[in-house]
1. Report yes if some residue within the range 302-309 is farther than 24 Å from residue 243 by Cβ, under 17 Å from the mean Cα position of the chain (by Cα), touching a residue at least 12 places away in the same chain (Cβ under 8 Å) and surrounded by 15 or more Cβ atoms within 10 Å (Cβ to Cβ); otherwise report no.
2. Please verify whether the range 325-346 includes one or more residues that are surrounded by 15 or more Cβ atoms within 10 Å (Cβ to Cβ), in contact with a strand residue (DSSP E or B) (Cβ under 8 Å, 6 or more places away or on another chain), closer than 30 Å to residue 201 by Cα and touching a residue at least 24 places away in the same chain (Cβ under 8 Å).
3. Being part of a helix (DSSP H, G or I), free of Cβ contacts under 8 Å to residues at least 40 places away in the same chain and more than 15 Å from residue 156 (Cα to Cα) is the filter here, so list the residues in the range 178-199 that pass it.
4. Which residues, taken from the range 9-43, are surrounded by fewer than 14 Cβ atoms within 10 Å (Cβ to Cβ) and under 21 Å from residue 75 (Cβ atoms)?
5. Can you report the number of residues in the range 254-291 which are surrounded by 13 or more Cβ atoms within 10 Å (Cβ to Cβ), within 19 Å of residue 215 (Cβ to Cβ) and touching a residue at least 24 places away in the same chain (Cβ under 8 Å)?
6. Tally up the residues in the range 200-224 that are touching a residue at least 40 places away in the same chain (Cβ under 8 Å) and in contact with a strand residue (DSSP E or B) (Cβ under 8 Å, 6 or more places away or on another chain), please.
7. Quick one: residue 415 ticks every box in (1) on the phi < 0 side of the Ramachandran plot; (2) exposed (fewer than 13 other Cβ atoms within 10 Å of the Cβ); (3) outside any strand (DSSP E or B) bar one, so which box is it?
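Bear in mind these aren't lab numbers, they're just calculated from the coordinates by the rules spelled out. Everything numeric here is computed off the predicted structure, so don't read it as measured data. Cβ sites come from the backbone with ideal geometry, for glycine too, and all protein chains shown count toward neighbours.
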């Protein structure tokens, strides 16, 4: 068949398909795809390859069907339709599993499972991709799977992602240069590598506005994102990779139970590649825990409105202390103090602060001229919470008239276990 208008091949293929002449239809769809590709009509070329694959599958010619699906996936990636390519590779896995010849079946199954893995990675779902490879592995010869260059590529890719070692990238690039892949397939793997580099080497730092906080304070947290690695990748003329947009569409901040966020950034966040991006939070501590933590913070990122990945920050541990409690004591004579007559004295201790006081020991020291008739001079209280108070009475009897001082010793602990001691003095005037 000579070169002519690709639409003629396509219409002929459709006619043959309707007449159930599937093998011939597949041949004409394939020819139409090649001609559409030659004239630069990639959408029609992809469509033709897919129809060709469907035609051959109708005749159970699964090898040819797999071949055309591979070409459709390749062209989809060239045309930056990564999601469509992924759908094609998933369909191709199903078709390849039906190939009779063991060698060809295993080759296509491995090929499509690994291309699917990289598509999953670009969607931020690499765990699904790994699961897919493991699922296919069960049906492959162990030696074939282990020694295939694409298996090594995936292994080195995962090791690079785990260890941040660029030596693995060099090994991957060497493998790709030494083996035959279609242009779109190379672009898929190289794009995944670039996204991995951006994720691993973009810098994120957490900064707090103070070194020490009490549970009454607000914590101002700033996250700094340094995107210079993206500029380097995007500006490298040797890379077939350009970053047009970078968005953060969702954020998950991990906090210990004593923290809540009171202010957080509006979403989505459009990042400027030419400067650092600052993202601010205000966090309220409510109570003390043994090891307060903020982070990691997970950013859900979208590049070029197509590629998805998550980036996790470090964990930061604020130095958090309880606010120191402040106790206020006062006394009140419930009857005027007179010589040789007993009178009731009321003592009140109130916590006038936000901090709780624990293990209180209260001791009343009387002058020699006042005798205790009833009540206790020592009082122990397990805790006195914020703005709580305790009151008790002593029955005292003055021996002689005069101006005296009653002392109250207060000893207690703050929320961090620090001991606080105070001595309060109160005048008492005894009349005849």
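1. The first filter runs over the range 302-309 and keeps only residues farther than 24 Å from residue 243 by Cβ, leaving none.
The answer is no, given that none of the residues of the range 302-309 is farther than 24 Å from residue 243 by Cβ, under 17 Å from the mean Cα position of the chain (by Cα), touching a residue at least 12 places away in the same chain (Cβ under 8 Å) and surrounded by 15 or more Cβ atoms within 10 Å (Cβ to Cβ).
2. Scanning the range 325-346 turns up no residue that is surrounded by 15 or more Cβ atoms within 10 Å (Cβ to Cβ), in contact with a strand residue (DSSP E or B) (Cβ under 8 Å, 6 or more places away or on another chain), closer than 30 Å to residue 201 by Cα and touching a residue at least 24 places away in the same chain (Cβ under 8 Å).
3. Let us first name the residues in the range 178-199 that are part of a helix (DSSP H, G or I), namely 178, 183-199.
Subset that is free of Cβ contacts under 8 Å to residues at least 40 places away in the same chain: 178, 186, 193, 197.
Within the range 178-199, 178, 186 meet the criteria.
4. 11, 38, 39, 40, 43
5. The total comes to 12.
6. 17
7. (2)
This table checks each residue for (1) closer than 19 Å to residue 149 by Cβ; (2) in contact with a helix residue (DSSP H, G or I) (Cβ under 8 Å, 6 or more places away or on another chain); (3) buried (at least 17 other Cβ atoms within 10 Å of the Cβ).
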residue: 65; (1), (2), (3): no, yes, yes
residue: 68; (1), (2), (3): no, yes, yes
residue: 101; (1), (2), (3): no, yes, no
residue: 131; (1), (2), (3): no, no, no
